[in-house]
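One structure is given here, and the rest of the page talks about it.
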Amino acid sequence: MLILAIETATESVGVALGGRDGVLASVTIARGRRHGETLAPAIQFACRHAGVELPDLDAVAVDIGPGLFTGMRVGIATAKALAMALDIPVVPVTSLESLAESARSHHGLVVPVVDARKGEVFWSMHRADSEGVTALSEPSIGSVDDLLAALGERGQHALCLGDGAHRHATALRDGADCVVAEERHPSAEVLVTIGARRALREEWSTADLVTPLYLRRPDAEINWETREVRA
């Protein structure tokens with residue numbers, strides 16, 4: 001089972017190849033949100049150095065967000081195009097699931113927090129233990145105060161991670177019983193591991209059914225409606 005993982009929901013572009021035996025190759029490029037320019041070359045680079053041809057792929061795993069709107073669309077469109085051309089399935093994974101999985105060695109409450117800009121964050125609650133990582137809540141969006149209230153309701157010590165956790169680290173440490181981990185962004189290597197595990201269980205989708213997880217409407221739509229109201 002050979003999986004290509006595409007990670008573009010953050011400011012970086014990540015690509016990884018792997019399967020049940022681990023990661024064969026991975027590439028991470030940080031070029032200031034130039035996802036459209038760097039993703040295809042990153043896939044070519046990873047495949048060439050891993051000795052893999054695109055027809056060898058069994059599935060594509062892709063981060064469907066929440067995250068940067070443009071980055072998500074680039075990654076999802078590329079994953080869908082490859083899946084359709086190669087007649088293989090897609091394994092959709094959220095950025096919050098991927099972040100939580102990177103903390104699977106932590107036993108307890110894990111809270112991935114992604115910066116949503118405009119003073120808001122995306123988050124979800126997970127439990128990590130010897131059995132793995134289990135989702136406890138659906139992805140949410142709200143203010144940092146909303147997140148602090150959700151943490152308070154849990155009443156547990158939490159490990160928070162992600163760029164949103166780092167941006168609001170002081171508020172989280174002062175307002176809740178939590179520590180902020182080093183991880184800032186979802187990893188393509190973690191994504192390929194999740195993708196391989198789910199693909200073996202046939203937990204995948206056809207390309208036409210894969211959609212982004214926005215949680216909030218794109219700014220372009222909101223700005224357009226604002227212009228219409230002003231007019």
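Is at least one residue of the range 61-80 out of contact with any strand residue (DSSP E or B) (no Cβ under 8 Å at 6 or more places or on another chain) and over 19 Å from residue 211 (Cβ atoms)? No, the conditions are met nowhere in the range 61-80.
Among the residues making up the range 178-193, those that are within 11 Å of the chain's Cα centre (by Cα) and in a helix (DSSP H, G or I) are 188, 190, 191. Which ones in the range 108-123 are surrounded by fewer than 24 Cβ atoms within 10 Å (Cβ to Cβ) and in contact with a Lys or Arg (Cβ under 9 Å, 6 or more places away or on another chain)? 108, 109, 115, 116, 118, 120, listed by residue number.
In the range 51-71, the residue that is nearest to residue 216 (Cα to Cα) out of those that are at pLDDT below 95 and in a helix (DSSP H, G or I) is 69. From the set of residues in the range 75-97 that are in contact with a Phe, Trp or Tyr (Cβ under 9 Å, 6 or more places away or on another chain) and assigned to a helix (DSSP H, G or I), which is surrounded by the fewest Cβ atoms within 10 Å (Cβ to Cβ)? Looking at residues that are in contact with a Phe, Trp or Tyr (Cβ under 9 Å, 6 or more places away or on another chain) and assigned to a helix (DSSP H, G or I), I get 95. All conditions but one from (1) free of Cβ contacts under 8 Å to residues at least 40 places away in the same chain; (2) closer than 22 Å to residue 139 by Cα; (3) outside the structural domain of residue 160 (by TED's automatic domain parsing) apply to residue 107; the one that does not is (3). Apart from one condition, residue 17 fits all of (1) in contact with a Cys (Cβ under 9 Å, 6 or more places away or on another chain); (2) farther than 28 Å from residue 161 by Cβ; the exception is (2).
The values are calculated or read from the model by the stated rules, or taken from the named source; none is laboratory data. The model shown is predicted, which means the values in this text are computed figures rather than measured ones. Virtual Cβ from ideal backbone geometry, glycine too; neighbours counted across all protein chains shown.
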